[in-house]
Amino acid sequence: MTAAASPAKKNTFLACLVFCAAGIALNVVLNKLAALAGIPLYLDSAGTILTAVVGGYLPGMLTGFLTNLLLWSISGDGMTVYYGVISVLIAALAAFLSRRDWYRSFDKALRSVPLLALIGGGLGSILTFALYKLDFGEELSATLAHFFYDNGLRSVFWAQLLGDVLIDIVDKLLVVIIVCLLLRALPDALQQRLHLRFWQQNPLSREERAASRDFKVRKMSLRPKFMLLIMVGMFIVAVLTSALGYSMYRKNMFEAQADMGMGVAKVVASSLDPDRVDEYLALGDEAPGYKEAEAAMARVRDSSENISYVYVYKILEDGCHVVFDPDTADEPGSDPGAVIPFDTDFNSKLDDLLAGKEIDPVIANGQYGWLYTIYRPVKDSSGQTVCYAGADISMEKIMMGLYAYLARVLSLFVSIISILLAVLLLLADSGIIMPINSMALASSRFAFHSETQRNENVEQLRSLGIHTGDEIENLYNAITKTTEDSVQYIAESQQKNETIARMQENLILVLADMVESRDQFTGDHVKNTSEYTLIIMEQLKKEGIYTDQLTDEFVQNVFHSAPLHDIGKIRISDTILNKPGKLTDEEFETMKLHTVYGREVIEKAKKASSDVSYLNEAENLSLYHHEKWNGKGYPRGLSGEDIPLSARIMAVADVFDALVSKRSYKEPFSFEKAMEIIQEGAGSHFDPYIAAAFQHAETKVRKVLSSRQEEN
């Protein structure tokens, strides 16, 4: 279900719009104050940078671009709007640096001045050159440009560029200082509110947003992927549209220039008497009316800055015979009767020219420069072509117009595309990237150690409140439901595991009771030895001995399976098991078989159980607890660490409990005597580390022994 925008979100959006309007007003006011004060600075980017730093990419870009539109409407200079691309790029840079905390301290903010000046002064100068290609102006940057030009930098373009960048450094320094002062005046809470985000979930804190952006990906994250796809798509559209527009504009411009040239040629033709062309050729300016006609042609030429030359030629086999060629300010024209060789660019037109036909305009790059030439046939009273009136238009000026058009188109395209890119990325970030990262962040923090933690995990996921109204919301709902079901399943599984664990413990006790019912001494013995094994293992861990083996799982397995160490006695006859006196050698050999019988019982149990690790230790305990450290034990005669650790632990616990317990064949030993026997057996009967640990835990051992004696 898609949630409606809350009043708080609407108020935040409205506050952001008001903030953008304030930024535009700040730009305009500072610009006008600088103009009134006669300062050769613009100061029209303070509001742009401020809204970009506080509000983000889109508010900053809109503020910059709309500022240029407003200044255009105020000044009436239509070219101002094309500089909106500079403001948009300045906003993008300021927002980018702000995300990296450059504007959270004054010293970092100052580092942005050269970068901002490269955009404002550098790109601004390039754009000016493309739009106007003018010579130096009268502002301070032009003064600096003259200085660089006069002192060795013999390039108008580079001199102007360097001058613009240097003056813009001063401009951006003042702007950044103003921005820093205003940022200090704005409370952090207000800055957070003014940052434009189209939340489609419950808002995240600054720390959570930073954490969600820090996720590592194997190749490329969604944000650059979206940027790349959008930029590629917009670039293709921009290139195709610009190319089409440029092609159409170029065609129209050449057609317009051709029409103008044809009109000029027509006027030139009307200035002379076609029936007197041969007279003009023979007498030149001595011919009556020649000078007046030539002067009229010069005036026609000077009426348009694009017209480089006007002339009248008579086309013959040997070349162009000059009839009229008015002087220009830079060079004298050719004398009447002079023959000018055909330019190679006219080779394809020679037949038509010699035949007196009309020809299409020709682009020629010959001895007179790069020119767009229009010829108009001039006919005498009999209708015969006697000469051609020509007009040469400067191709450089035509191309300057085309470049200026292209610069205007590209500047507008970059401005609009950048703003659209910011809009699309904002929507993608709020509707796709942020929700996915939020889900990933919440999922990565899952902890399953306790029921409280699991419930907190579910609540944290629910608190995201993602409401994009699309597949992202479906994914969020599915993840939330799956998580809730998983937590519930874990809780049920843990409850079942606890039940199974209790059943296992009870089963062990039942098995131990089966032995106890046949051996009157085994009942207390199995309980005591379990306690002693736990004391030994805890002491070993405390002393840092065998810690690599003494895992929590191992300790629990040994403790719970310890009562099964004598399970094999169930197959020993009552006569031997409860004999009041000392066993014969033959009887003792039979008694020793209880270790093997115990293993067989456990092996059968293992085949019917999935908890193999649990029964593995039960098997080790039952089979090897009578093995000795020196290899003289039974049933295998293992020695040292070849004996499983659990069995070595049980050996100490088993012997100690047997020593302090009453048997049919002996009275119980004292605690001290039993401890002394354990110490004597260290290194021969027992693992010396385990024997020492048992003795070091004397207080706990005595406590267990005392409690058992009190129960009996």
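Just name the residue that is farthest from GLN556 (Cα to Cα) out of those in the stretch 610-640 that are among the aromatic types (Phe, Trp, Tyr) and either over 60 Å from the mean Cα position of the chain (by Cα) or at pLDDT 85 or above (or both). Walk me through it before giving the result.
Taking the stretch 610-640 first, the residues among the aromatic types (Phe, Trp, Tyr) are 614, 624, 629, 634.
Next, from what is left, pick out any that are either over 60 Å from the mean Cα position of the chain (by Cα) or at pLDDT 85 or above (or both): 624, 629, 634.
Numbers: TYR624: 19, TRP629: 24, TYR634: 26 Å.
Per the criteria, the residue is TYR634.
Working carefully through the options ALA407, ALA389, ALA440, find the one that is buried (at least 18 other Cβ atoms within 10 Å of the Cβ) and at pLDDT below 85.
On the way: ALA389 fails: at pLDDT below 85; ALA440 fails: buried (at least 18 other Cβ atoms within 10 Å of the Cβ).
Going through ALA407, ALA389, ALA440 in turn, the sole match is ALA407.
For residues in the stretch 58-94 being at pLDDT 90 or above and polar (S, T, N, Q), which is surrounded by the fewest Cβ atoms within 10 Å (Cβ to Cβ)?
Out of the qualifying residues, it is THR67.
Condition (residue is loosely packed, with under 14 Cβ neighbours inside 10 Å and modelled with pLDDT under 85) applied to the stretch 156-177: is it met by at least one residue? Walk me through how you get there before you give the answer.
So in the stretch 156-177, the residues loosely packed, with under 14 Cβ neighbours inside 10 Å come out as 157.
Now drop any that are not modelled with pLDDT under 85, which leaves 157.
Taking every residue of the stretch 156-177 in turn, at least one turns out to be loosely packed, with under 14 Cβ neighbours inside 10 Å and modelled with pLDDT under 85.
Residue by residue through the stretch 203-244, note down the ones that are of a type in the set (Ser, Thr, Tyr) and either surrounded by 14 or more Cβ atoms within 10 Å (Cβ to Cβ) or modelled with pLDDT of 75 or more (or both). Let's see the steps before the verdict.
Keep residues of the stretch 203-244 that are of a type in the set (Ser, Thr, Tyr), which gives 205, 212, 221, 241-242.
Passing the criteria: SER212, SER221, THR241, SER242.
Return the only residue of PHE413, PHE446 being under 26 Å from the mean Cα position of the chain (by Cα) and assigned to a helix (DSSP H, G or I).
Values: PHE446 fails: assigned to a helix (DSSP H, G or I).
Of the residues listed, the single one that is under 26 Å from the mean Cα position of the chain (by Cα) and assigned to a helix (DSSP H, G or I) is PHE413.
Which residues, counting only those in the stretch 323-345, are in contact (Cβ under 8 Å) with a residue 24 or more places away in the chain and closer than 19 Å to MET262 by Cα?
Once the filter is applied, which keeps residues that are in contact (Cβ under 8 Å) with a residue 24 or more places away in the chain and closer than 19 Å to MET262 by Cα, the stretch 323-345 yields VAL323, PHE324, PRO326.
Please work out if VAL310 is among the β-branched types (Val, Ile, Thr), in the same structural domain as ALA389 (by TED's automatic domain parsing) and under 23 Å from GLN384 (Cβ atoms).
Values: among the β-branched types (Val, Ile, Thr): yes; in the same structural domain as ALA389 (by TED's automatic domain parsing): yes; under 23 Å from GLN384 (Cβ atoms): yes.
When the stated conditions are applied, VAL310 passes them.
Being more than 30 Å from PHE254 (Cβ to Cβ) and either assigned by TED's automatic domain parsing to the domain that holds MET399 or among the β-branched types (Val, Ile, Thr) (or both) narrows it down to one residue among GLY319, GLY366, GLY284, GLY333; which is it?
Values: GLY319 fails: more than 30 Å from PHE254 (Cβ to Cβ); GLY366 fails: more than 30 Å from PHE254 (Cβ to Cβ); GLY333 fails: more than 30 Å from PHE254 (Cβ to Cβ).
From the options GLY319, GLY366, GLY284, GLY333, the qualifying one is GLY284.
Restricting attention to the stretch 243-285, which residues are in contact (Cβ under 8 Å) with a residue 12 or more places away in the chain, farther than 22 Å from ASP302 by Cβ and under 51 Å from the mean Cα position of the chain (by Cα)?
GLY245, TYR246, TYR249, ARG250, PHE254, listed by residue number.
How do the helices (runs of 4 or more DSSP H) wholly within the stretch 534-652 filter down when requiring 3 or more residues that are hydrophobic (A, V, I, L, M, F, W, C): which remain?
Numbers: elements: 552-561, 574-577, 585-592, 594-607, 612-624.
The helices (runs of 4 or more DSSP H) meeting that bar are 552-561, 594-607, 612-624.
Out of contact with any Pro (no Cβ under 8 Å at 6 or more places or on another chain) and modelled with pLDDT under 90: does that describe LYS397? Break it down into steps so the answer makes sense when it comes.
Working: out of contact with any Pro (no Cβ under 8 Å at 6 or more places or on another chain): yes; modelled with pLDDT under 90: yes.
It is true that LYS397 is out of contact with any Pro (no Cβ under 8 Å at 6 or more places or on another chain) and modelled with pLDDT under 90.
Of all residues in the stretch 344-380, how many are assigned to a loop (DSSP other than H, G, I, E, B), modelled with pLDDT under 90 and not polar (S, T, N, Q)?
So in the stretch 344-380, the residues assigned to a loop (DSSP other than H, G, I, E, B) come out as 355-361, 367-368, 380.
Of the ones still in play, those that are also modelled with pLDDT under 90 are 367-368.
Now restrict to residues that are not polar (S, T, N, Q): 368.
Within the stretch 344-380, residues that are assigned to a loop (DSSP other than H, G, I, E, B), modelled with pLDDT under 90 and not polar (S, T, N, Q) number 1.
Within the stretch 231-272, count every residue that is touching a Gly at 6+ places or on another chain (Cβ under 7 Å) and either under 18 Å from TYR313 (Cα atoms) or not in a helix (DSSP H, G or I) (or both).
Let us first name the residues in the stretch 231-272 that are touching a Gly at 6+ places or on another chain (Cβ under 7 Å), namely 253, 265.
Filter once more, so that each one left must be either under 18 Å from TYR313 (Cα atoms) or not in a helix (DSSP H, G or I) (or both): 265.
The number of residues fulfilling the criteria is 1.
Exactly one of (1) modelled with pLDDT of 90 or more; (2) part of a helix (DSSP H, G or I); (3) under 30 Å from LEU406 (Cβ atoms) is unmet by ALA296. Its number?
(3)
Kindly check whether there is at least one residue in the stretch 682-689 that is part of a helix (DSSP H, G or I) and surrounded by fewer than 19 Cβ atoms within 10 Å (Cβ to Cβ).
First, pick out the residues of the stretch 682-689 that are part of a helix (DSSP H, G or I): 688-689.
From what is left, the residues that are surrounded by fewer than 19 Cβ atoms within 10 Å (Cβ to Cβ) are 688-689.
Looking through the stretch 682-689, at least one residue is part of a helix (DSSP H, G or I) and surrounded by fewer than 19 Cβ atoms within 10 Å (Cβ to Cβ).
Note down all Cβ pairs under 9 Å where the first residue falls in the stretch 212-230 and is outside any helix (DSSP H, G or I), the second is among the β-branched types (Val, Ile, Thr) and at pLDDT 75 or above, and they're at least six residues apart or on different chains.
SER221/ILE433
Taking only the stretch 329-343 into account, find how many residues are touching a Pro at 6+ places or on another chain (Cβ under 8 Å) and outside any loop (DSSP other than H, G, I, E, B).
Looking only at the stretch 329-343, we keep the residues that are touching a Pro at 6+ places or on another chain (Cβ under 8 Å), and these are 333.
This time we only want the ones that are outside any loop (DSSP other than H, G, I, E, B), so: none.
Qualifying residue count for the region: 0.
Which residue, of GLY631, GLY640, is on the phi > 0 side of the Ramachandran plot, in contact with a Ser or Thr (Cβ under 8 Å, 6 or more places away or on another chain) and surrounded by fewer than 17 Cβ atoms within 10 Å (Cβ to Cβ)? Working first, answer last.
Details: GLY640 fails: in contact with a Ser or Thr (Cβ under 8 Å, 6 or more places away or on another chain).
Exactly one residue qualifies, and that residue is GLY631.
The values are calculated or read from the model by the stated rules, or taken from the named source; none is laboratory data. Fair warning: this is a prediction, and the values are worked out from it, not measured in the lab. Glycine also receives a Cβ, built like all others from the backbone with ideal geometry; neighbour counts cover every protein chain displayed.
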